[in-house]
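The values are calculated or read from the model by the stated rules, or taken from the named source; none is laboratory data. Treat the numbers as computed from the prediction; the structure is a model and nothing was measured. Heads up, the Cβs are rebuilt from the backbone with ideal geometry, glycines too, and the neighbour counts pull from every protein chain shown. In case anyone asks, the SASA skips ligands and DNA or RNA and just uses the protein heavy atoms, side chains included. Shrake-Rupley method; radii C 1.70, N 1.55, O 1.52, S 1.80 Å.
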Amino acid sequence: MSREVVVETVYGKYHKYEVIKKSDTFGTKFYVHKDGKPFKGSYSSLSIAVEVAKSAG
């Protein structure tokens, strides 16, 4: 069973980026959603996902 949690929100000039943490039995991955839709991912580190969101915004 996969669990999704928004752990960080980055506001760009025109878009909102959310860093999503997905945890399951195999580990944890981080994804970036743009305006509520999947944008980029998967990342093994929260800091990398946040940097991607900041650079996109």
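Among the numbered conditions (1) of a type outside the set (Lys, Arg); (2) more than 10 Å from the chain's Cα centre (by Cα); (3) part of a strand (DSSP E or B), tell me where Ser55 comes up short. With (1) of a type outside the set (Lys, Arg); (2) more than 10 Å from the chain's Cα centre (by Cα); (3) part of a strand (DSSP E or B) applied to Ser55, the lone miss is (3).
Taking the stretch 17-46 as the range and being open to solvent by less than 70 Å² (accessible area, probe 1.4 Å), in a strand (DSSP E or B) and of a type outside the set (Ser, Thr, Tyr) as the test, the residues that pass are Glu18, Val19, Ile20, Lys22, Gly27, Phe30, Val32, His33, Lys34, Gly41.
Selection within the stretch 1-16: residues that are open to solvent by less than 80 Å² (accessible area, probe 1.4 Å), in a strand (DSSP E or B) and not basic (Lys, Arg). The member of this set that is nearest to Ser55 (Cα to Cα) is Val10. On inspection, Val50 passes the criterion of being outside any strand (DSSP E or B), open to solvent by less than 80 Å² (accessible area, probe 1.4 Å) and touching a residue at least 40 places away in the same chain (Cβ under 8 Å).
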